[in-house]
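Here is the structure we will look at.
What follows is calculated from the coordinates using simple rules that are stated; it is not laboratory data. This one's a predicted model, so the numbers in the text were calculated from it and none came from an experiment. Note that each Cβ is placed from the backbone with ideal geometry, even for glycine, and that neighbours are counted across all protein chains shown.
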Amino acid sequence: MTSSSDDYNFNSGYDDAEELESLDIDGNGDVDEAAVRTWDTTVNADVEEIGFDGSAKPPKPPRKKMGAVATAFVTVIVALAVVALAAGAWWMWQTRWRTVHVSVDGTEVSARADTTIQTFLDANDDFGRTRGRLLSLKGKVLDNNGGAPVSVSVNGTAVPVNDYAVTTIADAREMTVTPGKDITEAHVSETRTKHYGTDINLNNGPIQVVTQQGEDGEEEVWIGKRSKEEVVHQETKPMRNLTVKSFAPQPEGKKVIALTFDDGPSQYTGRILDILKEKKVKATFFDLGEEALAYPQLEQRMVKEGHQVASHSVSHPYMPDMSRDELRKEILTSFDDLENASDTKTRVLRAPYGAFGVQQWKDTADIVDMNVLWSIDTLDWKRPGAKAIHDEVLKNAYNGAVALMHAGGGNRTQDIQALPSIIDDLRKQGYSFVTIDELCEMGGVPKPAQGKE
């Protein structure tokens, strides 16, 4: 059967004769066109697309066309990407890729913009500048290259050393490179005691006074970690020297003398006190502790009648032969004995034989205020006679003199005989009589700087 051009081409797509015969509905040998169309529609509805791997795939959905908004959005994104790429390229050029020319101390040097200062220095051997030296605490060179790195200023601004490795030369126009500074080695610190010294002058007069107590100080000491050198960095607590000065007071506009009596009290002391009372004279008694305890009534009388009582030790030892502990015990005991006997405290001493030097002061300056010697020695202990005793005082008398006599320690009858005429004849010469404390006050001797026992 021949179909017209608009008839359905049933041969296309149907190769199986049995399938075509099944479409001959009326049995006349021709394929019924309507049956073909119905069959084709049914088959196409049931058949899925076959993939290359033989599996069935669902039919593809129809494509949709992009809208105007989406197209504009994509255009903007692309434009921004182009701008960003351009900006990035420009930034890379400015900060990394381009070559910069830097004037280093007047000489032009070129390098990439992303070169760090440290790399710039390394590549040019620090431009001939050297590191500082490492010095010991006392200034000795420990390492010629152990000091600070070279210093760099860019465009007039100093760059911290720690920033050399992260700061580039991109904006550098001028650079100044200077040698590194010397540095001092690291150290450890210790606080140490600075023991006080002494300033003791015993040659200017018979009255020796503690004018300043010694006091240890403290200082901070630095110890070099490498050199082990030690230097005093600073004084954290001032040290004060023990200071003992000697004086020969001569009160201005006056004519005074101090009569002093050692080794009492004794059986002769009462008569001496009688004469002093009769003549209205004040004196100073340097008494032994053991004798004061034996004659407490005489000690009390001395105080009552206005005399000064001071120590002459306990038992008259030679003090330079004593240890520190022995010496201190001797003196403190004598002070206690006098207080017990007279109810009067004292820190004034006359050392036996006058033997009290620098070492004795070092050992006792915190318990003794004053050591009193003499300027006139009557030598009465030799019993030279009353006249000799009298004459020794009179011929050596001067304003501020300290005369030595004795109220115990032996037979003192010659002193008792000489004393009245000594007083009378000195008065004729215009002298008045004072105690040691009075002489010091009148003569401007500084008050003792008392220590803590």
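Remark: pairs (first residue in the range 280-299, in contact (Cβ under 8 Å) with a residue 40 or more places away in the chain; second residue of a type in the set (Lys, Arg) and part of a loop (DSSP other than H, G, I, E, B); Cβ separation under 8 Å; 6+ apart in sequence or on different chains) = Phe286/Arg350. Return the residue satisfying two criteria in turn: it lies in the range 141-162 and is farther than 19 Å from Gly106 by Cβ and surrounded by fewer than 13 Cβ atoms within 10 Å (Cβ to Cβ), and of such residues it is nearest to the chain's Cα centre (by Cα). Among residues in the range 141-162 that are farther than 19 Å from Gly106 by Cβ and surrounded by fewer than 13 Cβ atoms within 10 Å (Cβ to Cβ), the one nearest to the chain's Cα centre (by Cα) is Val141. Screening Glu441 on (1) touching a residue at least 12 places away in the same chain (Cβ under 8 Å); (2) closer than 17 Å to Gly253 by Cβ; (3) under 47 Å from the mean Cα position of the chain (by Cα) shows it passes everything except condition (1).
Residues of the range 110-136 being polar (S, T, N, Q), under 18 Å from Thr168 (Cβ atoms) and assigned to a loop (DSSP other than H, G, I, E, B), which ones? I'd like the intermediate steps shown before the answer.
Within the range 110-136, the subset polar (S, T, N, Q) is 110, 115-116, 118-119, 124, 130, 136.
Then drop every residue that is not under 18 Å from Thr168 (Cβ atoms), which leaves 110, 115-116, 118-119, 124.
Matches in the range 110-136: Thr115, Asn124.
Hey, can you tell me all the residues within the range 154-188 that are assigned to a strand (DSSP E or B) and more than 22 Å from Asp125 (Cβ to Cβ)?
Applying the first criterion (assigned to a strand (DSSP E or B)) to the range 154-188 yields 154, 157-159, 168, 174-178, 183-184, 187-188.
Residues satisfying the conditions are Thr157, Thr184, His187, Val188.
Of the conditions (1) under 23 Å from Trp374 (Cβ atoms); (2) surrounded by 15 or more Cβ atoms within 10 Å (Cβ to Cβ), Gln212 fails just one. Which one is it? The single condition Gln212 does not satisfy is (1). The selection criterion, being free of Cβ contacts under 8 Å to residues at least 60 places away in the same chain, surrounded by 18 or more Cβ atoms within 10 Å (Cβ to Cβ) and of a type in the set (S, T, N, Q), does not hold for Gln417.
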